[in-house]
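As structure tokens, the structure follows; a few thoughts come after it.
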Amino acid sequence: MSIENVEKRYGKFTALYKMNLEIKTGEHLLILGPNGAGKTTLIKAIMGILNFKGTIKIDGIDVNKDPRGAKKVIGYVPQNYAFYESLTIYDHAVLTTRLKNLGTAQIEEKLRLVNLWDARTRRVRACSDGMKQRLGIALALIGNPKLLLLDEPTSNVDLRGQLEFQRLLRALLKQGKTMVTTSHLTGLGELATEVMVLDRGRIVVRGSPEELMSRLSVNDTLFMRVREPDVPGVTKLATELGAFDFEADGEWLRATVPSKIKLGVVKGLMNGPYTLSDILIERSEIESEYVKLLQAGSVGSRDPGN
Amino acid sequence: MNALGVWGILTFTYKEAIRTKWVLTFGIIFFLLAVDIPDLYLSAAGNLPPEYLAGNLSDLLSVTFPLIPLLALPMGAVSIVDERESGTLQYLLSNPVTKGEFFLGRAVGLLLATTTVIIIGFGAASVVVFTTGISNYFSVVMIMAFAAMLNAVMLGIALIISEFSKRKATAMGIGIMVWFLFAVVSSLDQLVISVNLRAGPVAALTIVLLDPIETARELTVYGAGLGQGQYSVGNLVALHVWGNANTYPYTFLSVMVWIVVTFAIGFFVFRHQDAA
């Protein structure tokens, strides 16, 4: 997919500003950004349901010139699982096959893939958010599209649903599907081959997850279980090793530690004179770090491509 | 053209619309109005007046025509904006159907659903009336046909309202307001007389033609053969301007223009605006 000089305005508000982007087959682009950054607008533009300036080509097909042709290679998983409450899971699948000008032969395979075949007679209003999310994926996969667009796919789903979703995503990536996922805050960073951060319609930063993490001075959180008399000593030692921002809560001591030196800090603490009965590290996620920085206004135009 | 996609949207729209309580309520209301219960009592007692059918049909015309817009206006006015608000429009249009094909499926689905209600409501009533021994079935069929045409005009207007509305509640409010405007303005007699006196019959006729309810009512008076007793000032102005021979076809044409123009505007606007 190639995006060239794409621009979208709503009156004086610029939703997308001269965007240029290329996604190769088999890549998974994760688009991050706060609400109103332009993520969903970009997805709508790719689907050709918005009028915009510039050119978007999918598999060589110009979205503006041949919207039907372009949409044949797109599978879309909607935000907030926008389905018809009164229809059953199977009804939705039939409607989708008609819209895609296909027979109903694929329905069983796709519903089985997301474990919804046995629940096919259930109306959407009786489905959990996780089921709706899986239904969205099944419908998007009907017709075997080359490109999957996932708009905030985990925004309303519980932890179990998110893990199930990640499992599905991994399987689809293995099949070589190209994917574009938008998120304002999710745990999908590790599944992406490329991450792009949008803010006010502009690409703020873009690169591989590893590249972007290394460019950030990301902090992790360290939890240490220590005896109460040892808290001052452990705090002093950890401070010398580079940790900061301490907070004691019962027998747990919490500290912030720069991601790059966290293993050194743990090693130093283990070799020290104090007894630590447990240590936990809570890793920062790339998306939450970037969103935090965006909110603080400290991410400038650091995008190597723009 | 993705005919299967259009068919999918059309059938889905029809089934959803026909299931709503609003539509069912209207079917029953039309039936009760058209069946004319007091006259049925008289018929059962063998006391039907000689001018029964003419009276029945003119009652039907004056009572039901102002109500017909209330079927299509609210339903059509929310149809597109509701899909936009809920995000389902985005889901539908992410598939290989164009905006024009979506509009076609949606408009025809709604048109068929609302027309079904009119036909079932009036049709069931006319069967009842017919079995009481009244043989002039043609007039009832013509009233149904012209009611369906008025319904189509209102649906076209409603879809335009839906396209320009940002919220479902706003669209519904505008739809009801438009009905109120037409239903109140449909009593045009005084206005038409004044305009006729000041600016002449052509200007007066223009005023009449700008009101689709009045135009459809006049068409029904001619088409169903309800007689001169049912003529309004608008009918008389039309007869004066167009003459006896031309008034019926020209009035028919005027209602058709309303249908074609409203649907064409709806189609054009939807194709060129952001769909979601």
Fewest to most neighbouring Cβ within 10 Å: what's the order for B:SER58, A:SER183, B:SER162? B:SER58, A:SER183, B:SER162
Using alpha-carbon coordinates alone, the radius of gyration and Dmax of the protein assembly as shown in Å work out to 32.6, 114
Top mean-square fluctuation among A:ARG68, A:ARG160, A:ARG123, Gaussian network model of chain A, C-alpha springs under 10 Å? A:ARG160
Stretched fully, the stretch from B:LEU181 through B:ARG271 gains (0.36 nm per residue minus C-alpha distance, one decimal, in nm) 29.6 nm
Each label sits 7 Å from Cα toward the beta-carbon; between A:LEU163 and B:TYR250 the label points are separated, in nm, by 7.8 nm
Suppose only helical runs count, i.e. DSSP H with n ≥ 4. What mean residue ellipticity at 222 nm does that imply for chain A under -39500 (n - 2.57) per run, divided by all residues and rounded to the nearest 500 deg cm²/dmol? -9500 deg cm²/dmol
Per residue of B:4-12, what is the mean number of Cβ atoms on other protein chains within 10 angstrom of that residue's Cβ? 5
In whole percent, the Cα-Cα distances of the range A:219-283 spread across 10 Å bins from 0 upward as 24, 65, 11
The farthest towards the positive end of the charge dipole of the protein assembly as shown, of the residues B:SER58, B:LEU92, B:THR220, given +1 on Cβ of Lys and Arg and -1 on Cβ of Asp and Glu, is B:LEU92
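Taking other Cβ within 10 Å of each residue's Cβ, how do A:LYS260, A:LYS44, A:LYS177, A:LYS12 sort, fewest first? Provide the component values of the computation, followed by the final result.
Numbers: A:LYS260 14, A:LYS44 24, A:LYS177 20, A:LYS12 5.
With the fewest neighbours first, A:LYS260, A:LYS44, A:LYS177, A:LYS12 line up as A:LYS12, A:LYS260, A:LYS177, A:LYS44.
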Only Cα pairs within less than 10 Å get springs; with that Gaussian network setup on chain A, which residue of A:THR41, A:THR193, A:THR239 has the largest fluctuation? A:THR239
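Considering all alpha-carbon pairs of chain A, what whole percent are spaced by more than 35 angstrom? Can you show the working numbers first?
Working: 15069 of 46665 pairs.
Everything past 35 Å amounts to 32 percent.
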By how many nm would the segment from A:ALA126 to A:TYR17 grow when fully extended, if each residue of separation counts as 0.36 nm and the alpha-carbon distance is taken off? 35.2 nm
Three-way shape call for chain B based on the alpha-carbon gyration tensor, with the a/c threshold at 1.5: oblate
Which one, A:ALA119, A:ALA37, A:ALA248, has the greatest fluctuation when you compute a Gaussian network model over chain A with C-alpha springs under 10 angstrom? A:ALA248
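Quick note: the coordinates plus some simple rules give every number you see, no bench work behind them. Everything numeric in this text was worked out from a predicted model, so none of it was measured. Here Cβ is always computed from backbone atoms with ideal geometry, including for glycine, and neighbour counts include all displayed protein chains.
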